[in-house]
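Chemist: Just passing along the structure, written as structure tokens.
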Amino acid sequence: MSENQTTTAPRAEEGQAADFDAIVVGAGFSGLYMLHSLRKLGLSVRVYEQGDGVGGTWYWNRYPGARCDSESVYYMFTDHMSEEILGEWNWSERYAAQPEILRYLEFVTDKMDLRRDIQFNAKVVSAVYDPERRRWDIRLADGGAASARFLITAVGCLSSTNTPKFPGIDTFAGESYHTGTWPHEGVDFTGKRVAVIGTGATAVQAVPEIAKQAAHVWVFQRTPNYDIPGRNRPLDSGYAEEVKADYRDLWQKARESGFGLPYQIVERSAVDYSPEERQPIFEAAWAKGGFYMGLETFSDYLVNRESNDTVSEFVRSKIREMVNDPAVAELLAPKDHPFFTKRPPLENGYYETFNRPNVTLLDARSTPIEEITPHGVRMDGHEYEVDAIVYATGFDAMTGTLFGMGITGRDGLRLQDKWRDGPLTYLGLTTRGFPNLFVITGPQSPSVLSNMPVAIEQNVEWIAGLIQYLGEHGLDTAEPAQEAEDKWVEHHNQVASATLLLGTDSWWVGANIPGKPRTLYPYVGGVGAFRSLCQDVAEKGYEGLVLTKEAAPAAAGG
Ligand code: N01
């Protein structure tokens, strides 16, 4: 038997679709924890994973320099998954690199014996709800089929790559790579001329590494970011032990926090402090490195422009200190948007990379890229001849992969049609017209505005809790009531409008994809507040969801 074959789940007779209680799509952090949680309920589960291994984001994003921007000690499954794993696993760096995170997820998979219920190389191309049978019918790219009562998407937020349609893109004669589908065997840039397009969190990690090998790197920057120093380093074993000793409290704190990290948030506004008082606060966070800069300095950056201006100027001043050429520093210093209204990348040597003689920053804002030619990139009438182009151009985030799965609910309603003008959900986890479809880290849930494992854990446990509730009460399906969905969307939009986020072009608001509805995709009310809301819904018998038994529908709650 191959290691990827399943053993326990029901099997299809020849030519027939296999039946399961639940189908989970994706075997990253969320798919693995969902599988584990549903198994504990005694359900038959099949996970379909497009890749040939587990890992999700960490399976696909193998570009040079790829690492986690959350501190590794908080970027893992908690005691809820397994105390044993928590005790056994030790991270080697403050921010774990992609190979180590992938090894961790493989370790968890084997330790929890999850592999036998995962089918690899299995891309879901359609998922259609049959109201008669109350089942989801799934089709795979290879023609395979299956059905299940529950369909749970665990496809991640950043899993459909975005490559801009530059004229001539197919004519390039050299090597082209998108960072989100990096070759597993790696790429050797030694002695090569390389164009990197994009300067988001991915490019900020990749450029310093590529520059170490390449003959020359041209970085095409459209929008500069407020990159915060990561200050990555080998993990001090004393620190790791301290964190481990305190894990229960720290996880609880992270669960109740705004952004899924157990940091010391101080409720205060930068405008209430003089420049002399602010400076040491900023400097301390800058020296510490990581998201402390955004979270432990002042607490109103996202809602108070004046407060935000102070931290934005501080970061700009740091960029000017790090970059030797004043003109390059000015180009790298963002002025068009406030701090943290785009995801601030963590940098480990990014700014200093522009002091190298083999790295050139190009302004693709003033003079947009005109075309890709057989030899390179043409911009501002100049052809930059290169051997390789790296597209660090991001993703069709949060909805791209869901829409690509052919999800069709009651009455033939396609998800992309229902969400044509923007997502419509209840708690980001469910959507009306799609009974028993649950979305992990979907739009209108905290997802990417949280340290992901914390957001994932909450989503998975809530979904498992609901499925358990249905079973215990002899109910078949759950689907949001129209009113509950409308209210959630209204609440989500209200919270979003109270922030500065909608005013900045970012993938958080869909601005990176032409034609994508502009709305804040993740929920910005905080992962802790969201958890309480969801818990309250559960305690009230899943208020807002219509729960039905076969034949006789009965509304539970609103
Ligand atoms: O993608 P992005 P990413 N011409 O969309 C540019 C997470 N992440 O892969 O800003 C020229 O942020 C685009 O320019 P602009 C993290 O949440 C996590 O870097 O649209 N440029 C931008 O510079 C992050 O936010 C970690 O003006 C064009 C870049 O391409 C998310 O992934 C590590 C262009 C795309 O940046 C996505 O980051 C890395 C064009 N036509 C990433 N089109 C960890 O924590 C696009 N661009 C592990």
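The values are calculated or read from the model by the stated rules, or taken from the named source; none is laboratory data. Fair warning: this is a prediction, and the values are worked out from it, not measured in the lab. Ideal geometry is used to build each Cβ from the backbone, glycine not excepted, and the neighbour counts take in all protein chains shown. Ligands, DNA and RNA are stripped out before the accessible areas are found, and what is left, the full protein with its side chains, is counted by its heavy atoms. Shrake-Rupley method; radii C 1.70, N 1.55, O 1.52, S 1.80 Å.
Chemist: Can you confirm whether segment 107-125 contains a residue that is farther than 21 Å from N459 by Cα, β-branched (V, I, T) and touching a strand residue (DSSP E or B) at 6+ places or on another chain (Cβ under 7 Å)? Reasoning before the result, please.
Modeler: Residues of segment 107-125 that are farther than 21 Å from N459 by Cα, as a first pass: 107, 110-111, 113, 115-116, 119-125.
Remaining after also requiring β-branched (V, I, T): 124-125.
Going one step further and asking which of them are touching a strand residue (DSSP E or B) at 6+ places or on another chain (Cβ under 7 Å), we end up with 124-125.
There is at least one residue in segment 107-125 that is farther than 21 Å from N459 by Cα, β-branched (V, I, T) and touching a strand residue (DSSP E or B) at 6+ places or on another chain (Cβ under 7 Å).
Chemist: Quick test for you: out of T341, T367, pick the one residue that is closer than 26 Å to V217 by Cβ and either assigned to a loop (DSSP other than H, G, I, E, B) or open to solvent by less than 50 Å² (accessible area, probe 1.4 Å) (or both). Quick ask: steps written out before the conclusion?
Modeler: Details: T341 fails: closer than 26 Å to V217 by Cβ.
One residue alone meets the criteria, T367.
Chemist: Those residues that are open to solvent by 10 Å² or more (accessible area, probe 1.4 Å) and within 11 Å of the ligand (Cβ to nearest atom), I need them from segment 370-390; list them, please.
Modeler: Scanning segment 370-390 gives a single hit, E370.
Chemist: Just name the residue that is farthest from E479 (Cα to Cα) out of those in segment 435-453 that are among the β-branched types (V, I, T) and surrounded by 24 or more Cβ atoms within 10 Å (Cβ to Cβ).
Modeler: Here is the first cut: in segment 435-453, the residues among the β-branched types (V, I, T) are 439-441, 448.
Among the residues that remain, those that are also surrounded by 24 or more Cβ atoms within 10 Å (Cβ to Cβ) are: 439-441.
Values: V439: 12, I440: 15, T441: 17 Å.
Checked segment 435-453; the qualifying residue farthest from E479 (Cα to Cα) is T441.
Chemist: If you check L533 against the conditions, is it among the aliphatic types (A, V, I, L, M), closer than 29 Å to R134 by Cβ and part of a helix (DSSP H, G or I)? If you could, list the steps in order and put the result at the bottom.
Modeler: Values: among the aliphatic types (A, V, I, L, M): yes; closer than 29 Å to R134 by Cβ: yes; part of a helix (DSSP H, G or I): yes.
Against the criterion (among the aliphatic types (A, V, I, L, M), closer than 29 Å to R134 by Cβ and part of a helix (DSSP H, G or I)), L533 qualifies.
Chemist: Looking only at segment 100-151, count every residue that is among the β-branched types (V, I, T) and free of Cβ contacts under 8 Å to residues at least 12 places away in the same chain and tell me the total. Before the answer, list the steps.
Modeler: Residues of segment 100-151 that are among the β-branched types (V, I, T), as a first pass: 101, 108-109, 118, 124-125, 128, 138.
Retained after the next criterion (residues that are free of Cβ contacts under 8 Å to residues at least 12 places away in the same chain): none.
Total satisfying the criteria: 0.
Chemist: Does V495 satisfy the criteria of being at pLDDT 95 or above and either among the polar types (S, T, N, Q) or surrounded by 19 or more Cβ atoms within 10 Å (Cβ to Cβ) (or both)?
Modeler: No, not satisfied.
Chemist: Within segment 84-91, is even one residue assigned to a loop (DSSP other than H, G, I, E, B), away from the ligand (no atom under 16 Å from the Cβ) and of a type in the set (A, V, I, L, M, F, W, C)? Break it down stepwise before answering.
Modeler: Let us first name the residues in segment 84-91 that are assigned to a loop (DSSP other than H, G, I, E, B), namely 89-91.
Within this subset, residues satisfying the condition of being away from the ligand (no atom under 16 Å from the Cβ) are 89-90.
Next cut, of a type in the set (A, V, I, L, M, F, W, C) only: 89.
Looking through segment 84-91, at least one residue is assigned to a loop (DSSP other than H, G, I, E, B), away from the ligand (no atom under 16 Å from the Cβ) and of a type in the set (A, V, I, L, M, F, W, C).
Chemist: Do we find that A97 is surrounded by fewer than 21 Cβ atoms within 10 Å (Cβ to Cβ) and not basic (K, R) in this structure?
Modeler: Numbers: surrounded by fewer than 21 Cβ atoms within 10 Å (Cβ to Cβ): yes; not basic (K, R): yes.
Yes: the conditions hold for A97.
Chemist: Give all pairs with beta carbons closer than 7 Å in which a residue from segment 366-384 that is of a type in the set (V, I, T) meets a residue that is away from the ligand (no atom under 12 Å from the Cβ) and not in a strand (DSSP E or B); count only pairs at least 6 apart in sequence or on separate chains.
Modeler: T367/D380; I372/G168; I372/T171; I372/F172; T373/G168; T373/T171; V377/V386
Chemist: Further question on the same structure: Can you tell me which residue among G42, G65, G55 is more than 19 Å from P453 (Cα to Cα), in a loop (DSSP other than H, G, I, E, B) and within 16 Å of the ligand (Cβ to nearest atom)?
Modeler: Values: G42 fails: within 16 Å of the ligand (Cβ to nearest atom); G55 fails: more than 19 Å from P453 (Cα to Cα).
Going through G42, G65, G55 in turn, just one is more than 19 Å from P453 (Cα to Cα), in a loop (DSSP other than H, G, I, E, B) and within 16 Å of the ligand (Cβ to nearest atom): G65.
Chemist: Over 22 Å from G394 (Cβ atoms), open to solvent by 10 Å² or more (accessible area, probe 1.4 Å) and over 21 Å from the mean Cα position of the chain (by Cα): does that describe E485?
Modeler: Considered against the rule, which asks whether it is over 22 Å from G394 (Cβ atoms), open to solvent by 10 Å² or more (accessible area, probe 1.4 Å) and over 21 Å from the mean Cα position of the chain (by Cα), E485 comes out as no.
Chemist: Residue pairs, Cβ under 7 Å, 6 or more apart or interchain, first in segment 198-209 and more than 15 Å from Y177 (Cα to Cα), second among the small types (G, A, S) and near the ligand (Cβ under 6 Å from one of its atoms). List them.
Modeler: Partner pairs satisfying both residue conditions: G200/A392; G200/G394.
Chemist: Within segment 126-155, can you find the residues that are under 25 Å from the mean Cα position of the chain (by Cα), over 18 Å from L38 (Cα atoms) and open to solvent by less than 60 Å² (accessible area, probe 1.4 Å)?
Modeler: S126, A127, I138, L140
Chemist: Here is a further query. Any idea how many residues of segment 130-171 are part of a strand (DSSP E or B) and not small (G, A, S)?
Modeler: Quick first cut of segment 130-171, residues part of a strand (DSSP E or B) only: 130, 135-140, 145-153, 161.
In the following step, the residues that additionally are not small (G, A, S) were identified as 130, 135-140, 149-153, 161.
Qualifying residue count for the region: 13.
Chemist: Test V187 against the stated conditions and say whether it is within 16 Å of Y391 (Cα to Cα) and in a loop (DSSP other than H, G, I, E, B). Spell out how you get there, then give the answer.
Modeler: Working: within 16 Å of Y391 (Cα to Cα): yes; in a loop (DSSP other than H, G, I, E, B): yes.
It is true that V187 is within 16 Å of Y391 (Cα to Cα) and in a loop (DSSP other than H, G, I, E, B).
Chemist: Collect the residues in segment 97-129 that are in a loop (DSSP other than H, G, I, E, B) and within 30 Å of G412 (Cβ to Cβ), keeping them in residue-number order.
Modeler: The initial filter retains those residues of segment 97-129 that are in a loop (DSSP other than H, G, I, E, B), namely 112-114, 120-123.
Listed by number, the residues that qualify are N121, A122, K123.
Chemist: Mind checking which helices (runs of 4 or more DSSP H) fall wholly inside segment 190-284 and carry at least 1 residues that are surrounded by 19 or more Cβ atoms within 10 Å (Cβ to Cβ)?
Modeler: Working: elements: 201-213, 237-245, 247-256.
Qualifying helices (runs of 4 or more DSSP H): 201-213, 247-256.
Chemist: Something else: Is it the case that L415 is within 13 Å of the ligand (Cβ to nearest atom), among the hydrophobic types (A, V, I, L, M, F, W, C) and open to solvent by less than 10 Å² (accessible area, probe 1.4 Å)? Outline the logic, then answer.
Modeler: Details: within 13 Å of the ligand (Cβ to nearest atom): no; among the hydrophobic types (A, V, I, L, M, F, W, C): yes; open to solvent by less than 10 Å² (accessible area, probe 1.4 Å): yes.
No; evaluated as a whole, the condition is false for this residue.
Chemist: Right, another one. For residues that are within 15 Å of the ligand (Cβ to nearest atom) and charged (D, E, K, R), scanning just segment 344-364, find the one that is surrounded by the fewest Cβ atoms within 10 Å (Cβ to Cβ).
Modeler: D363
Chemist: Which of the residues spanning segment 172-199 are closer than 21 Å to N355 by Cβ and within 16 Å of the ligand (Cβ to nearest atom)?
Modeler: Those that are closer than 21 Å to N355 by Cβ and within 16 Å of the ligand (Cβ to nearest atom): V194, A195, V196, G198, T199.
Chemist: Any chance segment 326-338 includes a residue that's within 16 Å of the ligand (Cβ to nearest atom), over 30 Å from Y75 (Cα atoms), among the aliphatic types (A, V, I, L, M) and not in a loop (DSSP other than H, G, I, E, B)?
Modeler: Going through segment 326-338, the residues within 16 Å of the ligand (Cβ to nearest atom) turn out to be 331-338.
Then keep just the ones that are over 30 Å from Y75 (Cα atoms); that gives 331, 335-336.
In the following step, the residues that additionally are among the aliphatic types (A, V, I, L, M) were identified as 331.
Cutting the leftovers down to not in a loop (DSSP other than H, G, I, E, B) gives us 331.
Within segment 326-338, one or more residues are within 16 Å of the ligand (Cβ to nearest atom), over 30 Å from Y75 (Cα atoms), among the aliphatic types (A, V, I, L, M) and not in a loop (DSSP other than H, G, I, E, B).
Chemist: Search segment 293-311 for residues being among the acidic types (D, E) and part of a helix (DSSP H, G or I), and hand back the single one that is least open to solvent (accessible area, probe 1.4 Å). Before the answer, list the steps.
Modeler: Just the residues of segment 293-311 that are among the acidic types (D, E), to begin with: 296, 300, 306, 309.
Subsequent filtering for residues that are part of a helix (DSSP H, G or I) retains 306, 309.
Numbers: E306: 124, D309: 68 Å².
It comes out as D309.
Chemist: Considering A270, A254, A240, which residue is in contact (Cβ under 8 Å) with a residue 12 or more places away in the chain and more than 29 Å from W91 (Cβ to Cβ)? Break it down stepwise before answering.
Modeler: Numbers: A254 fails: more than 29 Å from W91 (Cβ to Cβ); A240 fails: more than 29 Å from W91 (Cβ to Cβ).
It is A270.
Chemist: Can you tell me which of N225, N162 is within 11 Å of the ligand (Cβ to nearest atom), modelled with pLDDT of 95 or more, closer than 29 Å to P338 by Cβ and in contact with a strand residue (DSSP E or B) (Cβ under 6 Å, 6 or more places away or on another chain)? Before you say what the answer is, go through the steps one by one.
Modeler: On the way: N225 fails: in contact with a strand residue (DSSP E or B) (Cβ under 6 Å, 6 or more places away or on another chain).
Result: N162 is the single residue among N225, N162 that is within 11 Å of the ligand (Cβ to nearest atom), modelled with pLDDT of 95 or more, closer than 29 Å to P338 by Cβ and in contact with a strand residue (DSSP E or B) (Cβ under 6 Å, 6 or more places away or on another chain).
Chemist: Please work out which one of (1) open to solvent by less than 30 Å² (accessible area, probe 1.4 Å); (2) of a type in the set (G, A, S); (3) assigned to a helix (DSSP H, G or I) is the condition G290 fails and give its number.
Modeler: (3)
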